[in-house]
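To start, the structure itself, in structure tokens.
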Amino acid sequence: MTESMRTEAPFVEAMRAYRHGHTTAFHTPGYKLGAGAPADLIEALGERFLSSDVAIAGGLDDTQTSGSALRRAEALAADAWGAERAFFTANGSSSGLQALVMTLTGLSDEIIVPRNAHKALLAGLILSGARPVWVEPLIDEVWQIAVNVPLERYATAIEAHPRARAVFVTSPSYNGYCADLAGLATLAHAAGMPLVVDQAWGAHLRFSPELPLDAMAAGADAAVISVHKQLAALSGASVVLAAGERIDAERLRTMVTMLCTTSPLSSMYLSIDAARRQMVEDGEALWGAALRLAALARERVSAIPGLSVLDRDEALRPGSVDFDPVRLTISGAGLGLSGYELERLLRSDHAIAIEAADPHNIVANITFGDSDATVDRLVIALETISSRAAAKGAGATTVESPKLPLFTGLACSPREAFFGPSEALPLRACVGRVSAEMVVPYPPGIPVLGPGEEISSETVDYLIEAAARGAYVHGPRDLSLATLLVVSNV
Ligand SMILES: Cc1ncc(COP(=O)(O)O)c(C=O)c1O
């Protein structure tokens, strides 16, 4: 692809042509480019935004050429992110991951997956009928978060399951730990398996040599990137990437279209196209500036009494060969503050909203959308919180997390357990039964149970303790964890 092609943005251009053509719309959405929109919608989103909400098929393109601007934009995205094929999704990396699982596995196929995978991957297993071979990540005992899965654990799983259809890995992790993707690609390929990377948090990596190696450059066969997380795309706008013979790209396209709406918000695709061009043209400079800001923020927050920030040196562990420094994981344990309390104080007293909080930490995300002023606000707010806590005489706290129970074993596939007959039982009565649902307490975001897994007394003890601590849980129907759905003994 030539340099001048790389700076084209076909989807942006198609939308502009539609607008400049003063087209009269007899297609969806029903509010007709905003003309029929209620006042509160116009006030919230603006006439300009609503007038760009144009159906793709029949609106942006006529029904004969349907999708041509989209296909060109996807080809440019593939080129920009180092892939051969790219597919836009308006439903996030979540549906991208599911499409990849469904492309690579069918009923009862084995697939090697990290136990700290995002819950969307578990949903993919339920949809496809595959059987997971779990590989366990290390847990950082100080920060109480999942690190990555050491390479040796992947090697052992691959050796024990030579017929597995694919190897999945999450990198960067939520806290910025980056896996040894090149090492994993070598391992997987030697066993004839494709490597798929959940790179939801790494859409930016490719655009600065100062950032960790990205999935496709490391030799991965496929990856998902949430362009809306680190780059300038609208929420939910993501791309699925594929390269080489190990992925059937046509089947992948079928799966993406099966899982995604037929009526995506065209502005989402426009935003991927614009974000990609922005990165191709200015990514290195923008991320260079963001990295300087992140380094400054890290230095200043680390100097605040009672606060600590997860640093590169601590992050390099078995399974993690690099670190994305734009993720600021901050602990207020030295002030006796939990992550939730820190989040609440930042929001209520300083109008600062952070990316995530858990019982131990908060995560603040720095991008090229930040400035000296935004970093300053965060630092000053944290300084104020620190000095107020010190004035109150708050002391250090350590929260001892219960030890994660070991994976017990799979009685049936996640799909069979999830869709088969099930019943809700009080938690204590679940010992010895098979779970029909997933239970993922945060942190560390590792499933304690997936559908199809045998339930041990250790698991039940862990969940009772997690519930007593008010853990934030994903997955089960009864979020209080008073009951759990188990497979019926039919
Ligand atoms: C590691 C990881 N993978 C996948 C996803 C899902 O991404 P999306 O929100 O684009 O669906 C997330 C969301 O936070 C994530 O953290």
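The values are calculated or read from the model by the stated rules, or taken from the named source; none is laboratory data. All of these numbers come straight from a predicted model, not from anything done at the bench. So basically every Cβ, Gly included, is an ideal-geometry build from the backbone, and we count neighbours across all protein chains shown. Each accessible area value is taken on the protein alone, full model and side chains, heavy atoms only, with ligands, DNA and RNA left out. Shrake-Rupley method; radii C 1.70, N 1.55, O 1.52, S 1.80 Å.
Quick notes
- For G34: the one exception among (1) part of a loop (DSSP other than H, G, I, E, B); (2) open to solvent by 20 Å² or more (accessible area, probe 1.4 Å): (2)
- Positions within the range 205-228 being within 10 Å of the ligand (Cβ to nearest atom) and without any contact (Cβ under 8 Å) to a residue 40 or more places away in the chain, in sequence order: none
- Considered as a group, the residues in the range 241-262 that are of a type in the set (S, T, Y) and modelled with pLDDT under 95 include one that is nearest to the ligand (Cβ to nearest atom), and that residue is T261.
Residues are listed down the side, and each one gets a yes or a no for (1) small (G, A, S); (2) under 16 Å from S93 (Cβ atoms):
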residue	(1), (2)
R165	no, no
A191	yes, no
D214	no, yes
V224	no, yes
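- Looking across P132, P114, one residue alone is surrounded by 19 or more Cβ atoms within 10 Å (Cβ to Cβ), modelled with pLDDT of 95 or more, within 12 Å of the ligand (Cβ to nearest atom) and not polar (S, T, N, Q). It is P114.
- The residues listed here are L404, L449; of these, the one that is under 24 Å from the mean Cα position of the chain (by Cα) and open to solvent by 10 Å² or more (accessible area, probe 1.4 Å) is L404.
- Condition check for F323: aromatic (F, W, Y) and open to solvent by 30 Å² or more (accessible area, probe 1.4 Å): no
- When Y174 is tested against (1) at pLDDT 95 or above; (2) within 25 Å of L316 (Cβ to Cβ); (3) among the hydroxyl-bearing types (S, T, Y), exactly one condition is not met: (1).
- Within the set L125, L70, the sole residue that is among the aliphatic types (A, V, I, L, M), within 16 Å of the ligand (Cβ to nearest atom) and closer than 24 Å to M216 by Cα turns out to be L125.
- Some residue of the range 10-22 being in a loop (DSSP other than H, G, I, E, B) and under 18 Å from M268 (Cβ atoms): no
- Filter pass, D109 being open to solvent by 20 Å² or more (accessible area, probe 1.4 Å), more than 12 Å from the ligand (Cβ to nearest atom) and in contact (Cβ under 8 Å) with a residue 60 or more places away in the chain: no
- Every residue from the range 185-204 that is within 16 Å of the ligand (Cβ to nearest atom), open to solvent by 10 Å² or more (accessible area, probe 1.4 Å) and in contact with a Pro (Cβ under 8 Å, 6 or more places away or on another chain): W201
- A Cβ distance below 7 Å, combined with a sequence gap of six or more or placement on separate chains, defines the contacts here; from the range 420-441, residues that are surrounded by 15 or more Cβ atoms within 10 Å (Cβ to Cβ) reach residues that are among the hydroxyl-bearing types (S, T, Y) and part of a helix (DSSP H, G or I) in the pairs V431/S457.
- Checking each residue of the range 104-111 against the condition of being touching an Asp or Glu at 6+ places or on another chain (Cβ under 8 Å) and not in a loop (DSSP other than H, G, I, E, B) gives no match.
- Scan of the range 57-82 for residues that are open to solvent by less than 20 Å² (accessible area, probe 1.4 Å) and assigned to a loop (DSSP other than H, G, I, E, B), ordered by number: G59, G67, W81
- Number of residues in the range 136-179 that are farther than 24 Å from A191 by Cβ and either without any contact (Cβ under 8 Å) to a residue 24 or more places away in the chain or out of contact with any Phe, Trp or Tyr (no Cβ under 9 Å at 6 or more places or on another chain) (or both): the value is 5.
- Restricting attention to the range 326-337, the residues that are over 19 Å from the mean Cα position of the chain (by Cα) and either open to solvent by 10 Å² or more (accessible area, probe 1.4 Å) or touching a residue at least 60 places away in the same chain (Cβ under 8 Å) (or both) total 6.
Here is a yes/no grid of residues against (1) at pLDDT below 95; (2) in contact with a strand residue (DSSP E or B) (Cβ under 8 Å, 6 or more places away or on another chain); (3) open to solvent by less than 20 Å² (accessible area, probe 1.4 Å):
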{"residue": "E210", "(1), (2), (3)": "no, no, no"}
{"residue": "A217", "(1), (2), (3)": "no, no, no"}
{"residue": "V239", "(1), (2), (3)": "no, yes, yes"}
{"residue": "L265", "(1), (2), (3)": "yes, no, no"}
{"residue": "L270", "(1), (2), (3)": "no, no, no"}
{"residue": "R276", "(1), (2), (3)": "no, no, yes"}
{"residue": "L291", "(1), (2), (3)": "no, no, yes"}
{"residue": "A294", "(1), (2), (3)": "no, yes, yes"}
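- Residues that are outside any loop (DSSP other than H, G, I, E, B) and more than 14 Å from R246 (Cβ to Cβ), drawn from the range 169-217: V169, T170, Y177, C178, L181, A182, G183, D198, L205, R206, F207
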